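Participant: What follows is a single structure, and I will ask about it in a moment.
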Amino acid sequence: DMNEIFNRASVRVFKDAPVEKEKIEMLLKAAMQAPSAGNQRPWEFIVVEDKKTLEQLSETDPYAKFVAKVPAAIVALGNTDEMRFPEHWEQDLGAACENILLEAVSQDLGAVWLGVAPLKERMDHITKVFDLPDNIRPYAIIPFGYAKRPYEVEERYDAGRVHFEKYTQK
């Protein structure tokens, strides 16, 4: 069963402890196992553990301030050279990021998805931090680590949002 789906929560506060390399590699393997349009797999990832770089990432937008204090983050990127179906690159990266979040639960880690694309200011900031070439588009930042405290997982199912056979107004 897929308990990872039902045990996932957005975790922003972590213990001051490094994450084992094997666990980081599992997050990346999970990311690259994602479905992608025409199997184009346009993803690239930067693993960040350096405090100075994490501080720079924390300046991406007001919601990213806490990134200065996390043990690690993965920056998800799209490589336009690998895009045979460029209109779908964000869906491809979205699937990869969701896989990272689910694998984090499986590895007893906490994580959170910070959206970057398609907001130009955020994309520009990350491009500057890493001096990215023109063919590399920042998509998201996923901070992760060992959760500092237990977190509540809310039940989100809403039968009122499900329609059968046709859409009916509420």
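The values are calculated or read from the model by the stated rules, or taken from the named source; none is laboratory data. Predicted model only: the values in this text are computed from it and were never measured. Positions of Cβ are backbone-derived with ideal geometry, glycine not excepted, and every protein chain shown enters the neighbour counts. To get the accessible areas, we keep the full protein, side chains included, count just its heavy atoms, and leave off ligands, DNA and RNA. Shrake-Rupley method; radii C 1.70, N 1.55, O 1.52, S 1.80 Å.
Participant: Are there trypsin sites (Lys or Arg not before Pro) in segment 43-107 that DSSP marks as loop and that have at most 14 other Cβ atoms within 10 Å, and which are they? Display every interim value, and only then the final one.
Facilitator: On the way: sites: K51, K52, K65, K69, R84; in loops: R84.
Answer in residue order: R84.
Participant: At a temperature of 20 °C and a viscosity of 1.002 mPa s, determine how fast segment 108-170 diffuses translationally according to Stokes-Einstein, using the Kirkwood radius over alpha-carbon pairs as Rh; express D in µm²/s, rounded to the nearest whole number.
Facilitator: Numbers: Rh = 15.7 Å.
Reported coefficient: 137 µm²/s.
Participant: Here's another thing I want to ask about it. Roughly how many Å² of L132 are accessible to a 1.4 Å probe, to the nearest 10?
Facilitator: 30
Participant: Give the longest segment of the chain that steers clear of GluC sites (Glu not before Pro) in DSSP loops with at most 15 neighbouring Cβ atoms within 10 Å, not counting the sites themselves.
Facilitator: Values: sites that count: E20, E49, E59, E152, E154, E155, E165.
Longest stretch, sites excluded: 60-151.
Participant: So if I restrict to the alpha-carbon atoms in the chain, what is the Rg, and what is Dmax, the biggest pairwise distance, in Å?
Facilitator: Both quantities, over Cα of the chain: 16.8, 53 Å.
Participant: Diagonalise the Cα gyration tensor of segment 24-99 and give the resulting equivalent ellipsoid semi-axes, square root of 5 times each eigenvalue, largest first, whole Å. Please report the intermediate quantities before stating the final value.
Facilitator: Values: eigenvalues 130, 36, 19 Å².
Rounded to whole Å, the semi-axes are 25, 14, 10.
Participant: Mind checking which lysines have their C-alpha under 28 Å from K148, skipping anything on the same chain fewer than 8 residues away?
Facilitator: Once the sequence-local lysines are set aside, what remains near K148 is K15, K21, K23, K29, K51, K52, K65, K69.
Participant: Just the number, please: carbon plus sulfur as a percent of the accessible area of the chain, 1.4 Å probe, no ligands or DNA/RNA counted.
Facilitator: 50
Participant: Using only DSSP helix segments of four residues or longer, with each worth -39500 (n - 2.57), what per-residue ellipticity at 222 nm results for the chain after dividing by its residue count and rounding to 500?
Facilitator: Numbers: 5 runs with 53 residues, N = 170.
Result for the chain: -9500 deg cm²/dmol, rounded to the nearest 500.
Participant: Related question: Taking 8 Å as the Cα distance limit and 6 or more residues as the minimum spacing, I'd like the relative contact order of the chain as a percentage.
Facilitator: Working: 295 pairs, mean separation 55.4, N = 170.
Result for the chain is 33 percent.
Participant: Further question: Taking the Cα centre of segment 90-170 as origin, work out the dipole magnitude from +1 charges on Lys and Arg Cβ and -1 charges on Asp and Glu Cβ, in debye rounded to 20. Write out the running numbers ahead of the final one.
Facilitator: On the way: 10 positive and 14 negative charges, 53 e Å.
That gives segment 90-170 a dipole magnitude of about 260 debye.
Participant: At 1.4 Å probe size, with every protein chain present, just tell me what the per residue accessible area of the chain comes to in Å². Don't skip to the answer; put the middle values down first.
Facilitator: On the way: 10370 Å² over 170 residues.
Per-residue value: 61 Å².
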